Amino acid sequence: MVNFYIGIDFGTSGARSITINPQGTVVAETQFPFPRLTDSSEWISMWKTALFEVIQQIPLHFRRQIDAIAINGTSATVLLCDQNGIPVDSPILYNDSRGITVMELLKTIAPSEHPVISATSSLAKLIWWLTVDNRDIKKQPSTPFYFLHQADWLGFLLHGKLGISDYHNSLKLGYDVENLTYPNWLINGLQSLINLEVLKLPDVVTPGTPIRNITPEIAEQLQLPKTCIICAGTTDSIAAFVASGAKLPGEAVTSLGSTLVLKLLSHTPVNNTKYGIYSHRLGDLWLTGGASNTGGAVLRQFFSDRELENFSRQINPNFNSNLDYYPLIKKGDRFPINDPELLPRLQPRPNNPVEFLQGLLEGIAKIEAQGYQLLQQLGAPPITQVYTAGGGAKNQTWTAIRQRYLNVNMVQSIHTEAAYGSALLALNGGRWV
Ligand code: ADP
């Protein structure tokens, strides 16, 4: 009997599932676009509906033979639950910056320059709950509260074991992924705000680790085998990286979406706050990278997607336009140039739109090459091959231009969906292969 593996992606606009066989071939795909909800208290029930829907849409003959499931959520989307796993407040989403109000307190707790010092980090959101929220959980000393990430909570709905997370989701909570422990500064800092008998931080495991079997009731409801294992999850961007197929140090994934995001596998962690560079652990390797404000959003300012396709076809990628652009929508970048005052450089502008587009594509390609050079200067290995994700990945002319600047093998990813990466985690059970 063949076993199948489900990866479930909770992204920003919807949930989707991908089911694979042991060879990694996709056998089923389902999705549930999120409705627009005005009341954040409705997210919880909507997520639960989405989770069950994307599983129930999988054809029954696959569903009956599912071996394992892994789920990725959006990074730094968090919940506070009671001991039954029922959220005591609306979740706080990945991009919610209410944590800005606790930045001063956060800076007294975390080491200077730590990546948790950001208004949208999981830790900023937890501290907001502990200090600003008028629910005042400290007034209920006998009731433990569980802090969870979106993927942790969704996994809990299936396996029923409260208080488990993975070290990708927990990085922005302050978990020490090198030493696999909560650091003293975090424990001491939180203890100064609340009794840690009352606030339960999740136990952190390797992403993809089997946690336990699905509960018998949920197995019956979703018509999944009782032996189906629910694995620890990950974040959406790491799941998308895993999906790409990059595996070895030196292999990189560039995401050409609205912004430009670089990710590179390294033997050692590479961190640098000045440039917003930090590293996630992937087994014995490290995934380092950075994000620039340049990217497809600048292209969209000047061209429709149709024009991008038509004009790109008219560009000869082997010749340089000699335009020296730094394409930005507004001033300021952090990586690979850290300068909040950096101005967009888009002059001189030729009359011919094809030439102008060439200048923009070259400008972004130069920033990409500069980004990988910076990562190498800071200790990452030289890049050996580059996979591409995002809306710009399909642009062959751009790939050829980028190859000219990067001078490495450009590889077409077979899979780019985060759900596929999560399905691989379920298949591999926490081993990075
Ligand atoms: P995100 O998820 O970051 O919003 P996507 O990965 O969906 O972005 O990519 C959208 C971006 O891709 C847009 O900014 C658009 O300018 C760019 N894009 C779309 N088609 C092309 C193309 N043929 N060549 C280059 N860029 C493109």
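Which value, in Å to one decimal place, does the Kirkwood hydrodynamic radius take for region 352-412 when every pair of different Cα atoms is included?
12.3 Å
Protein heavy-atom surface of the chain, 1.4 angstrom probe: 49% of the accessible area is carbon and sulfur, with nucleic acids and ligands not counted. Among beta bridges from DSSP that stay inside region 246-413, the antiparallel ones total about 70%.
Averaging over all projection directions, the Cα-based convex hull of region 67-208 occupies 8.1 nm² in the image plane.
Applying 1/(1 + (r/R0)^6) with R0 = 22 Å to the Cβ-Cβ distance of Leu193 and Ser41 gives a FRET efficiency near 0.30.
Pairs exceeding 20 Å between alpha-carbon atoms, taken from Lys274/Lys331; Lys107/Lys263; Lys247/Lys366; Lys48/Lys161: Lys107/Lys263; Lys247/Lys366. Once both labels are positioned 7 Å from their Cα atoms along Cα-to-Cβ, the gap between Tyr405 and Lys48 label points is 4.8 nm. Across region 12-99 the C-alpha pair distances fall into 5 Å bins from zero in the proportions 3, 11, 20, 22, 16, 13, 10, 5, 1, 0 percent. Using alpha carbons only, the radius of gyration of region 178-217 set against its Kirkwood radius gives Rg/Rh = 1.12. For region 150-246, the solvent-accessible area of protein heavy atoms averages 35 Å² per residue (probe radius 1.4 Å; ligands and nucleic acids excluded). Computed on region 162-233, the Cα convex hull volume stands at 104 Å³ per residue. Nearest 5 percent is fine: what portion of the DSSP beta bridges confined to the chain is antiparallel? Antiparallel bridges: around 65 percent, rounded to the nearest 5. Tell me the angle of helix 418-428 to the major Cα principal axis of the chain, expressed in degrees between 0 and 90 and rounded to the nearest ten. The helix 418-428 is inclined about 60 degrees to the chain.
Report the far tail of the P(r) of the chain, meaning the percent of Cα-Cα pairs longer than 40 Å.
Distances greater than 40 Å cover 20 percent of the Cα pairs.
Once the convex hull of all Cα atoms in region 246-413 is built, its volume per residue stands at 98 Å³.
Between 0 and 90 degrees, the angle of helix 353-377 with respect to the longest Cα principal axis of the chain falls at about 60 degrees. Angle check, please: helix 150-159 long axis (alpha carbons) against the longest principal axis of the chain (alpha carbons), in degrees 0 to 90, nearest 10. So the inclination is approximately 40 degrees.
In the context of the full protein assembly, Ile164 retains an accessible surface of approximately 20 Å², using a probe radius of 1.4 Å and ignoring ligands and nucleic acids.
The values are calculated or read from the model by the stated rules, or taken from the named source; none is laboratory data. Since this is a predicted model, take the numbers as computed values, not measurements. Using ideal geometry, Cβ is built from the backbone for each residue, glycine included, and neighbour counts are taken over all protein chains shown. Please note that ligands, DNA and RNA were not included when accessible areas were found on the heavy atoms of the full protein model with its side chains. Shrake-Rupley method; radii C 1.70, N 1.55, O 1.52, S 1.80 Å.
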